[in-house]
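The values are calculated or read from the model by the stated rules, or taken from the named source; none is laboratory data. Small disclaimer: the values here were computed from a predicted structure and weren't measured. All Cβ positions, even for glycine, are placed from backbone atoms using ideal geometry, and neighbour counts span all protein chains on display. Please note that ligands, DNA and RNA were not included when accessible areas were found on the heavy atoms of the full protein model with its side chains. Shrake-Rupley method; radii C 1.70, N 1.55, O 1.52, S 1.80 Å.
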Amino acid sequence: MSYQTIESRTDAGLNRFYAKIYSLVGMGIGLSALISFLMLTVFVQNTIALLQAPMMIYIALFAEIAIVFMAGPAAAKNSPAALPLFLVYSALNGFTLTFVILGYTAQTVLSAFISSAVLFFVMSAVGIMVKRDLSGMAKALIAGVIGILIASVINLFMGSSALSYLISIVTVLIFSGLIAYDNQVIKKVYYQSGGVTTDGWAISMALNLYIDFINIFLSLLRIFGSRD
């Protein structure tokens with residue numbers, strides 16, 4: 001068997017791995033969008049009622065956090081529970097996102113979504129094509145995420161619109177970098193496993209990319225809708 005044939009088969013296997021991951025990301029985003037759409041149209045009266053008694057919203061938020069911590073280890077163990085956990089997380093995220101989207105116009109939401117999608121695919125392409133190891137950059141980006149969380153908690157008490165705007169811009173930059181890094185990790189996982197990848201790995205990578213996308217979407221929503 002020639003070297004070109006082996007390389008061609010390797011590329012085909014990697015492409016299938018990427019396709020599996022991105023189909024899961026698309027499934028997660030599509031499910032979140034469907035839940036939000038239904039709550040804003042068919043079940044809009046129920047959505048308004050929940051705003052007046054927000055206990056269910058808080059429960060859903062805490063459930064999301066719990067599921068993320070459960071889904072990661074489940075995916076790493078290639079557990080059958082990993083995919084249902086990912087889908088439940090996506091559905092819950094669609095539920096909670098609805099109450100954020102309510103504060104913006106439909107045009108702002110659409111603009112933020114399209115911009116997020118374009119940025120997502122651009123940075124994915126960068127991560128796939130770049131040859132330089134991004135592990136060092138990833139450490140700085142993760143530190144940046146921690147900084148964003150601290151700044152966001154502080155701003156809950158300050159209520160500064162300028163700080164909120166700055167946090168949103170920095171969040172877009174950080175998670176754009178993480179999208180590139182996560183795509184590079186996909187290649188590393190594939191090659192280090194010798195092309196023998198499990199569904200668990202695909203779900204784990206999809207969860208990371210889904211979270212990257214949602215954070216960018218929410219940040220762009222705040223930036224575009226600062227006057228809504």
message = Being part of a helix (DSSP H, G or I), at pLDDT below 90 and open to solvent by less than 70 Å² (accessible area, probe 1.4 Å): is that true of Gly147 here?
response = no
request  = Looking only at segment 185-196, decide whether some residue is among the hydroxyl-bearing types (Ser, Thr, Tyr), in contact with a Lys or Arg (Cβ under 9 Å, 6 or more places away or on another chain) and modelled with pLDDT under 90.
outcome  = no
message = Return the residues of segment 179-188 that are of a type in the set (A, V, I, L, M, F, W, C) and either closer than 16 Å to Ile223 by Cα or open to solvent by 20 Å² or more (accessible area, probe 1.4 Å) (or both); say none if nothing qualifies.
response = Val185
Gly194 open to solvent by 20 Å² or more (accessible area, probe 1.4 Å) and on the phi > 0 side of the Ramachandran plot = yes
Odd one out for Leu102, checked against (1) more than 15 Å from Ala206 (Cα to Cα); (2) open to solvent by less than 70 Å² (accessible area, probe 1.4 Å); (3) in contact (Cβ under 8 Å) with a residue 60 or more places away in the chain = (2)
ask   = Within segment 58-83, how many residues turn out to be open to solvent by less than 50 Å² (accessible area, probe 1.4 Å) and more than 20 Å from the chain's Cα centre (by Cα)?
value = 1
request  = Can you confirm whether segment 84-97 contains a residue that is over 17 Å from the mean Cα position of the chain (by Cα) and of a type in the set (Phe, Trp, Tyr)?
outcome  = no
key: Pairs with Cβ under 9 Å, 6+ apart, first in segment 75-97 and more than 13 Å from Ile214 (Cβ to Cβ) and basic (Lys, Arg), second open to solvent by less than 40 Å² (accessible area, probe 1.4 Å) and at pLDDT below 95   = Lys77/Gly200
message = Anything in segment 23-53 that is out of contact with any helix residue (DSSP H, G or I) (no Cβ under 7 Å at 6 or more places or on another chain), open to solvent by less than 50 Å² (accessible area, probe 1.4 Å) and touching a residue at least 24 places away in the same chain (Cβ under 8 Å)? List them, or say none.
response = none
task = Select from segment 55-71 the residues that are closer than 24 Å to Ala202 by Cβ, small (Gly, Ala, Ser) and touching a Leu at 6+ places or on another chain (Cβ under 7 Å) and list them in ascending order.
result = Ala63, Ala71
message = Go through segment 170-194 and report how many residues are small (Gly, Ala, Ser) and closer than 14 Å to Leu119 by Cα.
response = 3
task = With the condition kept exactly as written, say whether any residue in segment 162-176 is within 18 Å of Asn15 (Cα to Cα), open to solvent by 20 Å² or more (accessible area, probe 1.4 Å) and hydroxyl-bearing (Ser, Thr, Tyr).
result = no
key: Sole residue being open to solvent by 30 Å² or more (accessible area, probe 1.4 Å), under 30 Å from Leu83 (Cβ atoms) and either of a type in the set (D, E, K, R) or in contact (Cβ under 8 Å) with a residue 40 or more places away in the chain (or both), chosen from Leu218, Leu209   = Leu218
request  = Working only within segment 105-143, note down all residues that are open to solvent by less than 40 Å² (accessible area, probe 1.4 Å) and farther than 28 Å from Ala33 by Cα.
outcome  = Leu134, Ser135, Ala138
